[in-house]
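The values are calculated or read from the model by the stated rules, or taken from the named source; none is laboratory data. Just so it is clear, the structure is predicted and the values come from calculations on it, not from any experiment. Positions of Cβ are backbone-derived with ideal geometry, glycine not excepted, and every protein chain shown enters the neighbour counts. Keep in mind that these areas ignore ligands, DNA and RNA; they rest on the heavy atoms of the full protein, side chains included. Shrake-Rupley method; radii C 1.70, N 1.55, O 1.52, S 1.80 Å.
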Amino acid sequence: FKGAADSRVTLIGDVVRVPKTSELRELYLLKHPDAFWVDFKDFHWYRLGPIRDVALVGGFARAASVHPSTYHSATPDPIAPFIQPITKHMNDDHSEELKGYAKKYLGVSAEAVTMTSIDRFGFDIAVFQNGETS
């Protein structure tokens, strides 16, 4: 999260403590191999559920409620695992083409254009003109 323009979701439900098990410990350590605190007496795992409400903020001044059944039936965007390498490649190797997109689709002659995100529906760009971003 970098600021008000970033997307985020709030899941609302009951949080319950789950018993410590060696399986949970091993799963946690797979994700956090240096987690020495996993064996502290006051370290516990919790589970969220059932989800009663979902609040989605798609960026600045873009918010909505999502029904929990819609949230549960959603599938991850297939491009999500590749966002960083795609945007890096486009910014590193295709900066002129990105300027071309800004010119063709926005009617803007830009000093620079940066791809900031991409998903299955399209991509977002930051356009720089006169030293400012728009």
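Structure notes:
- Filtered by the rule that a residue be hydrophobic (A, V, I, L, M, F, W, C), under 20 Å from GLY58 (Cβ atoms) and surrounded by 11 or more Cβ atoms within 10 Å (Cβ to Cβ), region 110-126 gives MET115, ILE118, PHE123, ILE125, ALA126.
- Pair list, Cβ under 8 Å, 6 or more apart: region 72-92 residue farther than 10 Å from THR116 by Cα, other residue among the β-branched types (Val, Ile, Thr) and in a helix (DSSP H, G or I): ILE79/ILE86
- Selection within region 1-45: residues that are part of a strand (DSSP E or B) and under 23 Å from ALA80 (Cα atoms). The member of this set that is least open to solvent (accessible area, probe 1.4 Å) is LEU11.
- Boolean, ILE83 is touching a Gly at 6+ places or on another chain (Cβ under 6 Å) and open to solvent by less than 90 Å² (accessible area, probe 1.4 Å): no
- Of the residues making up region 96-109, not a single one is more than 18 Å from ASN130 (Cβ to Cβ), among the hydroxyl-bearing types (Ser, Thr, Tyr) and open to solvent by less than 60 Å² (accessible area, probe 1.4 Å).
- Taken over region 46-74, the criterion of being outside any strand (DSSP E or B) and open to solvent by less than 100 Å² (accessible area, probe 1.4 Å) is satisfied by ALA61, PRO68, SER69, THR70, TYR71, SER73, ALA74.
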